[in-house]
């Protein structure tokens, strides 16, 4: 459109120059009888001068158009880059604003090292080693005490999306059980001896703990694995000491101060068969002291 306007302007300029030449040449024609050759030469020079000026103007206009086109191309090339930079700055500002507005999340110390102890009651007295109840021997005790330690490791905060505020942990627990002393009859020599009846339980269990973010946290162990190590062994001739079993439990933990917890629990240990006639089934009940980390 601009080129067309420039051409129209040049046409008007040429027409004006031509008309001017024509007007100037009219008086000259009235005196052509006196100087016909001189006036003809002047008209030709004027026409040549007008053509030359028109060419110069057209060249200047073309140069200006080329410069304008170049400037537009440069602006068009830089505009997308500037727009992208502005968009990145806006996104960064929005991200910083969202981070600042988010509440500070307090990391819970869901892992725990605990120590527990209390009362022990076996289903039956443990017939161990050569306890034949002869020659003045006495049966072992069913009741006693226990003490141990363990660790809870947090695995998931919401039971893999199944239950909100319900945490799944893995528990590793070592528990020593003391059932007192008894008089044992040694079948080989026929003599008696005073023996101490004890047992070590090594437990690995899943633990489900409820009411996350609360100070009071009840929990259950649906079923876990236990390895019972009894002392003295079940029989003098075979010296069998190990008996696999299952364990079940329930309890509660309470956060009394910072990372310090107290708790109470009841656990039952079940072996489906006896160990050479020795029953290792029984329960423990007591309290615990834990340290979160």
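Here are the numbers for the structure shown:
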quantity	calculated
Out of 151, 211, sole residue that is at pLDDT 95 or above, surrounded by 14 or more Cβ atoms within 10 Å (Cβ to Cβ) and part of a loop (DSSP other than H, G, I, E, B)	211
Among (1) surrounded by fewer than 15 Cβ atoms within 10 Å (Cβ to Cβ); (2) under 19 Å from residue 195 (Cβ atoms) - the single one residue 228 does not satisfy	(1)
Residue 228 vs. criteria over 20 Å from residue 120 (Cβ atoms), touching a strand residue (DSSP E or B) at 6+ places or on another chain (Cβ under 9 Å) and touching a residue at least 24 places away in the same chain (Cβ under 8 Å)	no
Flag for residue 188 being in the same structural domain as residue 225 (by TED's automatic domain parsing), exposed (fewer than 12 other Cβ atoms within 10 Å of the Cβ), within 29 Å of residue 274 (Cα to Cα) and at pLDDT below 70	yes
Check on residue 126, part of a loop (DSSP other than H, G, I, E, B), out of contact with any helix residue (DSSP H, G or I) (no Cβ under 6 Å at 6 or more places or on another chain) and either modelled with pLDDT of 85 or more or surrounded by 15 or more Cβ atoms within 10 Å (Cβ to Cβ) (or both)	yes
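The values are calculated or read from the model by the stated rules, or taken from the named source; none is laboratory data. Note that the structure is a prediction, hence the values are computed from the model and not measured. So basically every Cβ, Gly included, is an ideal-geometry build from the backbone, and we count neighbours across all protein chains shown.
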